[in-house]
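The values are calculated or read from the model by the stated rules, or taken from the named source; none is laboratory data. In this text, all values refer to a predicted model and were calculated from it rather than measured experimentally. Here the Cβ positions follow ideal geometry from the backbone for every residue, glycine too, while neighbour counts run over all protein chains shown. Just the protein is used for accessible areas: all its heavy atoms, side chains included, with ligands, DNA and RNA removed. Shrake-Rupley method; radii C 1.70, N 1.55, O 1.52, S 1.80 Å.
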Amino acid sequence: METKELLQILSDAIGVSGYEDEVRDIIISLVAPLVDEVEVDTLGNLIVRKHGRTDKLLMLDAHMDEIGLMINFIDDNGFLRFAKLGGWDDRILISHRVTILTGERKRITGVIGNLPPHIQTEEDFRKVIKSEDLFIDIGAKNTEEANMMGVRLGDIAVIHYPFEKMTENYVTGKAFDDRAGCAVIIKCLEALQNVKTDISVAAVFSVSEEKGMSGAKTSAFALDPDIALVLEGTIGADVPGVEPRKQPVALGKGPAISIADRLISIPRKMWEFIENLAKTEKIPYQFKMPTYSATNAGAIHTSKSGILTGVVSVPCRYIHSPVSTLRLDDFKWTVELVTRFIKECHRLIQ
């Protein structure tokens, strides 16, 4: 599948933490012809296997979930209150259009309401409105009408700006954290469809990274791999107002190799191995500035007696917001690097 089409399909799907069904179904349809085994475990992780020449096992991980909202109250006038799922900044929630996904997978449009400036006080202008004080307007006149529309407590919502091409090399969409990582794994499986690697591969499209990494914890425990690589969409901060020493990664410089983050210090032999692969293949690369954020690697590397784990990321601007951007050449270079890693990583564990 062409890269832009793949990113669009994954980005426009709704998959808030714990509600990844729609994303998982799409990925199954794409990867089933490329692998030897397909499994969905108890928590909802999608685990696909590609047999290699040996039983040594590489675990690839990318999380399917995105940050979102959950309906937690419907008032007498039909307005919805919500809780945040994942790391939102309250300042950017207000006045956005949202898509609510009901239990029957029906999509309902709503708006996070706000008072017009004409009736706000000077104090109102200065304060950040907390998420618990916001509401979603779906055009219902009361609780009963909201229920008749299909909305129930526990339904989830996303701020949804459809995927679009900005230029030939830039695209924008929601949930590139971490649908970009999911797309990298899919493209690598495509590239290796007719290749027998030395190591066997278990690709995990995991659930609930944004809510505690439970999917990565349980899948790593069950698989007990010899080595693991986490694929992410990470913090591109090369924008006005951010000095270079505070920019974790930049767009246009290739995949970002992690050295350390809040939960893991990557073993030197791992990140140097990935770096040397990039140099050998003449793939542009950069290091992600330590020690921003965390990934599923934090959960995977401590499973059982410990797993040699690395992280490679696609640089994405504006993650954990309604929209992100990425460069297609960064994505392409990430796929090339990870594909080479899959072919060569058995040398790390000989």
Exercise. Could you state the number of Å between the C-alpha centres of the range 106-120 and the range 6-29?
Worked result: 27
Exercise. How many angstrom lie between the C-alpha centres of the range 129-206 and the range 40-82?
Worked result: 10
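Determine the dipole magnitude for the range 134-287: charges of +1 sit on the beta-carbon of Lys and Arg, -1 on that of Asp and Glu, nothing else is charged, the reference point is the Cα centre, and the result goes in debye to the nearest 20. Walk me through the intermediate numbers first.
On the way: 17 positive and 21 negative charges, 70 e Å.
In total the dipole reaches around 340 debye.
What's the local net charge at Asn77, with K and R +1, D and E -1, over the other residues with C-beta under 15 Å away?
Working: positive: Arg81, Lys141; negative: Asp75, Asp76, Asp137, Glu144, Glu145.
Once all neighbours under 15 Å are counted, the net charge is -3.
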Exercise. What does the accessible area per residue of the range 154-228 come to in Å², with a 1.4 Å probe and no ligands, DNA or RNA counted?
Worked result: 32
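Using the beta-carbon distance between Arg126 and Ser321 and R0 = 22 Å, what value does 1/(1 + (r/R0)^6) give for FRET efficiency, to the nearest 0.05? Each step should come with its number before you reach the end.
Numbers: r = 22 Å, r/R0 = 1.01.
Once rounded, the FRET efficiency stands at 0.50.
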Seminar exercise, completed: Projecting the Cα atoms of Phe82, Gly18, Leu7 onto the charge dipole of the chain, where Lys and Arg contribute +1 and Asp and Glu -1 at Cβ, the residue farthest towards the positive end is Leu7
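With +1 on the Cβ of every Lys and Arg and -1 on the Cβ of every Asp and Glu, and nothing else charged, how large is the dipole of the range 17-71 about its Cα centre, in debye rounded to the nearest 20? Don't skip to the end; give the middle numbers.
Values: 5 positive and 12 negative charges, 75 e Å.
Its charge dipole is roughly 360 debye.
Under a Cβ-only charge scheme (Lys and Arg +1, Asp and Glu -1), can you give me the dipole magnitude of the range 199-350 about the Cα centre, in debye to the nearest 20? Intermediate values should be presented prior to the final figure.
Details: 18 positive and 15 negative charges, 38 e Å.
So the magnitude is around 180 debye.
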Seminar exercise, completed: Counting only protein heavy atoms and leaving out ligands, DNA and RNA, the solvent-accessible surface of His160 at a 1.4 Å probe, in Å² to the nearest 10, equals 40
For this session: Keeping all protein chains in place, calculate the accessible area per residue for the range 32-84 (probe 1.4 angstrom), answer in Å².
Result: 44
For this session: Starting from the Cα of Lys141, draw a straight line to each of the lysines and keep only those under 25 Å, dropping any in the same chain fewer than 8 residues away.
Result: Lys84, Lys106, Lys130
Problem set entry | Relative contact order (%) - criterion: Cα under 8 Å, at least six apart; region: the chain | 22
Exercise. With the chain treated as a Gaussian network of Cα nodes joined by springs under 10 Å, which of Glu336, Glu144, Glu20 yields the largest mean-square fluctuation?
Worked result: Glu144
Exercise. Which trypsin sites (Lys or Arg not before Pro) from the range 194-246 combine a DSSP loop assignment with at most 13 other Cβ atoms within 10 Å?
Worked result: Lys196
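When the helix-only estimate is applied to the chain (DSSP H runs of n ≥ 4, each -39,500 (n - 2.57), divided by the residue count), what is the mean residue ellipticity at 222 nm, nearest 500 deg cm²/dmol?
Result for the chain, helices only: -8000 deg cm²/dmol.
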Seminar exercise, completed: Calculating Kirkwood radius over Cα pairs in Å from this structure picks out, from [x] 20.4; [y] 21.6; [z] 20.9, entry [z]
For this session: Specify the residue with the greatest mean-square fluctuation among Val31, Val312, Val184, computed from a Gaussian network of the chain linking alpha-carbon atoms under 10 Å apart.
Result: Val31
Seminar exercise, completed: Rounded to 0.05, the calculated FRET efficiency for the beta carbons of Asp89 and Lys196 at R₀ = 56 Å is 0.75
